[in-house]
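Notes to accompany the following structure.
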Amino acid sequence: MDSWTDTLRFAFQPVVNLTTGGVAGLEILARPETGDVLAEARRDPELDGRLAVLAFRAAARKETLLPLYVNVFAGTLADLGGLTPLHDAVRAAGRLPWEVTIDVGPPYTHVPQQALLEAIGSLRDLGFRISADGVGDGDLPLRLLTDMAPDLVKLDASMLLRPAAVRAMRTLCDQLPALLCVEGVETELQCAAARSAGAQLAQGELFAPPARLPAAEVYVPPRSPGLAVATRSGPSVLEFVRPAALLPATASAGQVRALLTGSPDVSGVLLVNPDGVPLRSVHRSRFLLSMSGRYGHALYADRPAAKLGDPPRTVGVDATAWEVLDVVAVGDRDRTSDDVAVVDRYGRCVGVVRLADLVRALAETQVEEAAGLNPLTRLPGSDAITGEVDRRIADGRTFALSWLDVDDFKQVNDGAGFAAGDELIRSVGRALQQAASGSTRVGHIGGDDFLVLADPEGLSPLAASVLDVSWSAGGRPVTLSLATVVCELGSVADHRQAAACLAPLKKAAKSLSGASWVIGRAGLSGHEILRGVEAQPARAEWAVADPSKG
């Protein structure tokens, strides 16, 4: 064997789930004590392939059950057409291919793209997962990235200084679909920025440095109280995915027992077919209780573990946390603590989620939302609406942001009294809530001011619900003013720009008499008057006959 193998060591760095704080996998890093074997491997595909096998074997000797990330240069895959020796090593170690992610790294320049894509396709057919490494500061073309359709995208921490780019990458990952990981995180500020931008995973010195032994614990900074955790539709299930303990469907009860007793943190085992599709779910407590009876071991040890399992509970990778709770709520009550398997579009298991993680995150979300509710209307404040605006911008969605208030509200309070004014505000808030449907969000930002975020096609019925009502306070007639800005893809960068576009429209609506509504488009001058009367009508610079068709 070559002399360089005698001085080659491997270190392990955890990949951390930013939501659960758990370790989602281990990246295996080569650490040569002499020479620069990595530089040689970049030029020699055969050597790089051997390094991948040695890295996996080093991890297998540590008997870790965590998913593993094995680094391979893009040129190696294009040249070798796959990694047959690595597949053989995985099979010999008793591990499953979908427990190993091939971390494809730069350089990509001068790499035959078709050969690379064919190699990735072959690895994926065998069950391996694919990660695109070096995104952001490398030479990976965006078109090649999308053609690779990786399961994970690793973004360099330097990109956190460009949050719009990170949010855009998260949007791309959601479409692939893939998880977004930020690597090289060294400070708590970077960790907070990664969370805010939508990254689900991260790795770096902050959590745990590379070490000869796999890290048992990692440090994950607590989430900032002011950071929005999720939308009302619920956070993605991918934010809560933990590594799954997998065994072949043919595994015996004795094999499952050995795995569980040797891994106290494993709450259950999924029995899967050769393609990685879950067939049975074995719950830790119920299984060990059956095995610990007077004759349990004698009865079950050599029998198929599937006989002590249950049908698996599964959700797709595009599910939300609320949908997982719906799955848990159906069926036997004694299975509420079972892990739920998350499966990809082929039905293959990509991990599991635990009920405790979901309940904790959703409870924190509810507490944060409750803290931000206006005490008069019980509607969320501006932070909730502006946060949702930023999410829709990052998702590339067209939306309409509207501002509504009561005309001459100070005179209402002075003439009818503050109690009548408060009741009027509550009534307007209730009307907006009742008219809101689908993805419409209503916020009360203080006094008589409301914000409404909606899809453009939902504007007309919502406006009619408040503008066609004869409002009054203490017997005095009251009118409302509504201003709307429609924001299309690329027209605004964040909620601040959207609010700046809305400001002149608000002024225009207030200048009209009677119930008024003006609408404009971000990036275009002028506006259209849909309700209200002005003293000297001015020709609109653009017009929309029906805002729902805008």
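Computed over Cα pairs, the Kirkwood radius of the range 366-456 leads via Stokes-Einstein (1.567 mPa s, 4 °C) to a diffusion coefficient of 93 µm² per second. Within the assembled protein chains, the solvent-accessible surface assigned to Glu46 is about 110 Å², based on a 1.4 Å probe. Expressed as a whole percent, the accessible surface of the range 22-151 that belongs to carbon and sulfur atoms is 50, based on a 1.4 Å probe. Counting only residues at least eight positions apart within a chain, or on another chain, the lysines with an alpha carbon under 28 Å from that of Lys154 are Lys62. Rg and Dmax of the range 142-278, both derived from C-alpha coordinates alone, stand at 17.9, 52 Å. The figure for Asp414 is an accessible area of roughly 110 square angstrom, using a 1.4 Å probe on the protein chains alone. Panel values: the chain, Kirkwood radius from alpha carbon pairs, Stokes-Einstein at 25 °C and 0.890 mPa s, translational diffusion coefficient 93 µm²/s.
Suppose we keep just the DSSP beta bridges with both residues in the range 410-543; what percent of those would be antiparallel, to 5? Display every interim value, and only then the final one.
Numbers: 12 of 18 bridges.
Roughly 65 percent of the DSSP beta bridges within the range 410-543 come out antiparallel.
Using the empirical formula 2.2 N^0.38 Å as the baseline, the Cα radius of gyration of the range 96-185 reaches a ratio of 1.05. Accessible area of Ser491 (1.4 Å probe, protein heavy atoms only, ligands and nucleic acids ignored): about 40 Å². Specify the longest stretch of the chain that does not include any exposed loop site, a site being one of the trypsin sites (Lys or Arg not before Pro) with a non-H, G, I, E, B DSSP assignment and at most 10 other Cβ atoms within 10 Å. That gives 1-293 as the longest site-free run.
For Ile393, Ile445, what's the largest-to-smallest order of accessible area, 1.4 Å probe?
Values: Ile393 35, Ile445 70 Å².
Accessible-area ranking of Ile393, Ile445, largest first: Ile445, Ile393.
Hydrophobic, long helices, defined as DSSP H runs whose alpha-carbon span along the helix axis is 15 Å or greater and whose mean Kyte-Doolittle value is at least 0.0, occur in the chain at 45-61, 113-126, 355-371, 418-435.
So which lysines pass the test for Lys410, namely a Cα distance under 16 Å, with those fewer than 8 places away in the same chain ruled out? Those lysines meeting the cut-off are Lys510. A 1.4 Å probe over all protein chains sorts Tyr69, Tyr346 by accessible area into Tyr346, Tyr69, starting with the largest.
Can you tell me how the range 20-168 classifies by the Cα gyration tensor, rounded, prolate or oblate, using a/c under 1.5 as the rounded cut? The shape class here is rounded. Taking every protein chain into account, the accessible area of the chain amounts to 46 square angstrom per residue (probe 1.4 Å).
Out of all DSSP beta bridges with both ends in the chain, state the antiparallel percent to the nearest 5. Walk me through the numbers before you get to the answer.
Working: 51 of 87 bridges.
Restricted to the chain, the bridges split so that about 60 percent are antiparallel.
Quick check: with the 1.4 Å probe, what order do Trp98, Trp322 take by accessible area, largest first?
Details: Trp98 20, Trp322 100 Å².
Sorted by accessible area, descending: Trp322, Trp98.
The values are calculated or read from the model by the stated rules, or taken from the named source; none is laboratory data. Bear in mind the structure is a predicted one, so any value in this text is a computation, not a measurement. All Cβ positions, glycine included, derive from the backbone under ideal geometry; neighbour counts span all protein chains shown. Just so you know, the surface numbers come from the protein's heavy atoms only, side chains and all, with ligands and any DNA or RNA stripped out. Shrake-Rupley method; radii C 1.70, N 1.55, O 1.52, S 1.80 Å.
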